[in-house]
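Participant: One structure follows; several queries about it will come next.
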Amino acid sequence: MRPKALDGAIAGIVGGLAFGVMMQLMKAPTPEGGSMSMMAMVAMVVRSQSIVVGWIYHLFNSALIGGLFGLLLGSRVRTTATGIGWGAGWGVLWWVLGALILMPVLLGMEPFAALKMPPMRPVAMGSLIGHLFYGVITGLVYVRLRRNLAAAEFRPTTAT
C-alpha cells in the first residue's frame, strides 16, 4: 500500500501546477511603481530573479504541503465532500502561514504586510483564491488516488 504522504505529495504537485499557472498570470506591484508576476516574487524568497527557480521552489513546497496533508489529514479525507472541505481548510491555513506570514518575513517585511499595504490587498485576495484552489484540487486528487489504490487492492485476481 502506498503511503498517504506520497499520495498527498502527488496531489499537492497537481494542485501546485494549477495554482502556479494562476501565480504566473497574477501581477503584484513593485516599490518602483511597476509590476511583476507572483511567480517572480516566489523566486525572490530563495534570492533568485528566475521564474524557473520560482516554479521549482513553488512545486517543492506544493509537494511538501501536499505530503503533510496526506500524513495529517489523510485518514479523514475519504469522499469527494471531505476532499473539498479539508482541502479548502488546508488551503486557507497555508494562505495564512505561507502567504501572509512566512513569505513576507522571508522577503524582509513584517507578517501580514500584504493586508496592511492597500496596493497589495488585491494580490492577497488573489492569493487566498489561489490557495483555496490549490487545497480543493489537492483534496480531490488525494481522494481519487486513494480510491484507485483501494480498488486495485481489492480487485480479484484470476489464476491461469
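Participant: Does L140 satisfy the condition of being out of contact with any strand residue (DSSP E or B) (no Cβ under 9 Å at 6 or more places or on another chain), at pLDDT 95 or above and surrounded by fewer than 18 Cβ atoms within 10 Å (Cβ to Cβ)? Walk me through it before giving the result.
Facilitator: Numbers: out of contact with any strand residue (DSSP E or B) (no Cβ under 9 Å at 6 or more places or on another chain): yes; at pLDDT 95 or above: yes; surrounded by fewer than 18 Cβ atoms within 10 Å (Cβ to Cβ): no.
Against the criterion (out of contact with any strand residue (DSSP E or B) (no Cβ under 9 Å at 6 or more places or on another chain), at pLDDT 95 or above and surrounded by fewer than 18 Cβ atoms within 10 Å (Cβ to Cβ)), L140 does not qualify.
Participant: Here's something else I'd like to know. I need the full set of residues from the stretch 86-135 which are more than 25 Å from P31 (Cα to Cα), hydrophobic (A, V, I, L, M, F, W, C) and touching a residue at least 60 places away in the same chain (Cβ under 8 Å), in order please. Working first, answer last.
Facilitator: So in the stretch 86-135, the residues more than 25 Å from P31 (Cα to Cα) come out as 86-94, 132-135.
Of the ones still in play, those that are also hydrophobic (A, V, I, L, M, F, W, C) are 86, 88, 90, 92-94, 132-133.
Within the stretch 86-135, F133 is the sole residue that qualifies.
Participant: Still on this structure, I have one more. Any idea how many residues of the stretch 23-57 are β-branched (V, I, T), within 20 Å of P122 (Cβ to Cβ) and loosely packed, with under 15 Cβ neighbours inside 10 Å? Before the answer, list the steps.
Facilitator: Going residue by residue through the stretch 23-57, those that are β-branched (V, I, T) are 30, 42, 45-46, 51-53, 56.
Filter once more, so that each one left must be within 20 Å of P122 (Cβ to Cβ): 30, 42.
Remaining after also requiring loosely packed, with under 15 Cβ neighbours inside 10 Å: 30.
Total satisfying the criteria: 1.
Participant: So, one more: Taking helices (runs of 4 or more DSSP H) that fall entirely within the stretch 29-113, which contain at least 2 residues that are under 23 Å from R2 (Cβ atoms) and within 15 Å of the chain's Cα centre (by Cα)?
Facilitator: Working: elements: 38-45, 51-73, 80-94, 103-106.
The helices (runs of 4 or more DSSP H) meeting that bar are 51-73, 80-94.
The values are calculated or read from the model by the stated rules, or taken from the named source; none is laboratory data. Small disclaimer: the values here were computed from a predicted structure and weren't measured. Neighbour counts are summed over all protein chains in view; Cβ atoms, including those assigned to glycine, are modelled from backbone coordinates with ideal geometry.
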